[in-house]
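Note sheet for the following structure.
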Amino acid sequence: MCGIIGCFSQNNCYEKLFSALRKLEYRGYDSAGIAMLAEGEGGGKISVRKKKGGAEGLAGAPMAGETGIGHTRWATHGAPSDANAHPHVAGKFALVHNGIVENYSRLKAELAAAGEVFSSETDSEVIVKLIARAYAGDFFAAVSSACARLSGSYAIAVLCEDFPGEIVCARYKSPLVAGAGGGALYVCSDIPTLCGEAEYICTAADGEFIRICGGEIHFLDAAGREIPKTFSRVPPESRAQEKGRGSYMEREIAEIPRALADTLAGLKKTDFARCARVLRGAKRAFAVACGTAYHAALAFKDAAESDCGIPVLCHTSSEFRYRAPLVGEGDLVVAVSQSGETADTLEAARLAKGRGAYVLAVTNVAQSSLASLAHFTVAMRAGPEIAVAATKSYNCQLLCLYYIAAQMHFYKFTRMPPWFSSLFELPGAARAAFDCFPTMRSLAEALTDKRSMYFLGRDADVVTAMEGALKVKEIAYIFAEGYAAGELKHGTLALVEEGFPVLAVSTLSRLTQKTENALQEVKSRGAFTILLSQSAEVLAESCAACKCRLPDVCERLMPVVAVIPLQYFACRMCLERGYNPDKPRNLAKSVTVE
Ligand code: F6R
């Protein structure tokens, strides 16, 4: 949801900003912009280059300046356009913003009544106008007093022509990190972008300001008082992946076995004894997450309820935070987020913590906001995931959540569940799932022109079906529904007609016949049926027109591998239809706004 970068370098910082923007594009790519501040006689001069489209649109002759800010946009207020692209300028100031100013209409009306003329439809322009109006010679004070008037979320970086070499930044509920290295100082929306540039980093907390001036980085409170901070080395796992052949999504699917192996190695070293009391004592648990991570949370519910006898109330974070959940002292709240920056999941976790619950985070980013607010963090080691659609991180989330369920089992019954040792077979099984790819590729070719499809399953296979459907929707732009097979006859069957694709996942021996019944029902109405199962017998006896054999691991863990062919299928559908799987329309990787 928008990426911001700020840089000060003794030499021209244009190239540094430009290359950072290329890395930040995963956060939004509908427009991009740079503002540079060049020191001159009697102050500085701001120049701006901004454009609708990706960061590559900014390429050209380097702009002059030692200090600069940049932005990649994911539109919230105002369509993607040159005018709505950041940076926004007012008087001597230029600003980039990530977040949403929720009271912007009121502020805009007030500023318009005072004679301000707006050149964009964004909420962000309001902030720079407020700063310009508050300015009486003190740059920091102007930014601080403007921020005091904002509600919503923001990470901003601001330049002022009277202060060459200076950037003032503020953070509230949108991520912001400062970095230093290679003779340059940075502020940025994320850590991976700074990898290879900064050697040391330090994250700002909500309500804090960062001021780069005099070749130093200062953390300040709203009154300008210094906040002591410790910088840490850039973590090696944050190092950004370099783009090789094919799309990031294809490469990230290919990385699943390694990501699972790395995550397992990390899990083995994780000291769960630190949260043993909660895992043993919790009478119930909650799981909160969004999108793909929510599907992983649903799989956790299955495992924890069936194997540990602990009821798990699973909510999408956006619902959880507004529905007065009955969460409180003694509850375990598992918050799942690849990025650790998803605004709704952070708020859900904060709410739960505020009510006295114990928050256990599962995240791929060790220094994320979620990890810092949680009582305990279980780290996925999927490595950087650049493609917007989550793939390898989902497999690793499932692995972590099953591992946590196994720990709950251990602390409750003093032994691991019977499937615990099978966790270690997952990297190999994931690699074996690649054998399904030729079938999935042919299937994608055959179904390219379809406009909609169903994914069916029962019990844990419903979760896999839901995740498969989400992938197809978000990158191939085909309407897909992931559905419980038993529910078909209660409405959805009405849509099935000649040639309608229905893909069923059937990995649970006690339910294979039930899933087969559903396939029979749709087939009799003309559906094109597809079945995925690890059982040769089930496949042999099925009426499905297309069959695909999954690798065999214990049933509890099948969701980790059964989803892989579906991830690949969605990617192939997307490519067959001529789209870019890495940058689906209307989406961004890190959803840091509500
Ligand atoms: C779908 C996808 C999203 C994310 C969701 C949560 O492919 O990537 O649905 O899963 O936005 O993101 P995190 O896990 O970063 O909280």
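The values are calculated or read from the model by the stated rules, or taken from the named source; none is laboratory data. It should be emphasised that the depicted structure is a prediction, and the values quoted were computed from it without experimental measurement. Note: ideal-geometry Cβ built from the backbone for every residue, glycine included; neighbour counts use all protein chains shown. Protein only, heavy atoms only, side chains kept; ligands, DNA and RNA dropped before computing areas. Shrake-Rupley method; radii C 1.70, N 1.55, O 1.52, S 1.80 Å.
Bridging of residue 50 to aspartates and glutamates at a Cα separation below 19 Å is possible for 15, 25, 30, 66, 82, 121, 123, 125, 161, once same-chain residues fewer than 8 apart are set aside.
Here the peptides 147-153, 85-91, 389-395 are ranked by packing, the mean other Cβ count within 10 Å, and the order with the highest first is 389-395, 85-91, 147-153. Amide hydrogen proximity for residue 504: with H placed 1.01 Å from N in the peptide plane, the residues at 5 or more positions away or on another chain lying under 5 Å are 456, 530, 531, 532. The value of relative contact order for the chain, using C-alpha pairs under 8 Å at least six residues apart, is 12 percent. Give me the percent of the accessible area of region 3-238 that comes from carbon and sulfur atoms, probe 1.4 Å, all protein chains in place. Result for region 3-238: 52 percent of the exposed heavy-atom area is carbon or sulfur. Expressed per residue, the C-alpha convex hull volume of the chain stands at 153 Å³.
Sites listed here are GluC sites (Glu not before Pro) in region 1-56 whose DSSP assignment is loop and whose Cβ has at most 11 other Cβ atoms within 10 Å: 41. Relative to the Cα centre, the charge distribution of the chain, modelled as +1 at Lys and Arg Cβ and -1 at Asp and Glu Cβ, gives a dipole magnitude of about 800 debye.
Given a 1.4 angstrom probe, what's the average accessible area per residue across the chain, in square angstrom? Ligands and nucleic acids excluded, the result is 36 Å² per residue. If we count every other residue with Cβ under 14 angstrom of residue 473's Cβ, Lys/Arg +1 and Asp/Glu -1, where does the sum land? Summing Lys/Arg as +1 and Asp/Glu as -1 gives +2. If I take all pairs of Cα atoms in region 281-423, what percentage of them are more than 22 Å from each other? Here the tail beyond 22 Å accounts for 31 percent of pairs. From helices alone, the chain scores -10000 deg cm²/dmol at 222 nm; the rule is -39500 (n - 2.57) for each run of n ≥ 4 DSSP H residues, then divide by the residue total.
Here is the tail figure for region 63-134: Cα pairs spaced more than 15 Å apart come to 52 percent of all pairs. When a/c reaches 1.5 or more, the comparison of a/b and b/c decides; with that in mind, is region 201-350 rounded, prolate or oblate per its Cα gyration tensor? In terms of gyration-tensor shape, oblate. Each of the peptides 162-174, 311-323 was scored by the mean count of other Cβ atoms within 10 Å over its residues; in descending order, highest first, they stand as 162-174, 311-323. Over region 250-321, with every protein chain in place, what whole percent of the accessible area is carbon and sulfur at 1.4 Å, could you tell me? The computed percentage sits at 49. Centre-to-centre, using Cα atoms only, region 510-588 and region 88-114 are separated by 49 Å. If you take the Cα centroid of region 278-292 and the Cα centroid of region 312-364, the two points sit 8 Å apart. Quantify how much of the Cα-Cα distance distribution of region 430-580 extends past 18 Å, in percent. Percentage above 18 Å: 50.
Derived scalar couplings between HN and Hα for region 164-174 equal x, x, 10, 10, 10, 10, 9, 10, 8, 6, 9 Hz in order, rounded to whole Hz, by the Karplus curve 6.51 cos²θ - 1.76 cosθ + 1.60 (θ = phi - 60°), x for Gly and Pro.
With N counted as the residues of region 3-238, its alpha-carbon radius of gyration over 2.2 N^0.38 Å works out to 0.91. Legend: residue pairs 51/92; 23/51; 108/353; 471/523; 269/473, Cα-Cα distance threshold 27 Å; pairs beyond threshold, 108/353; 269/473.
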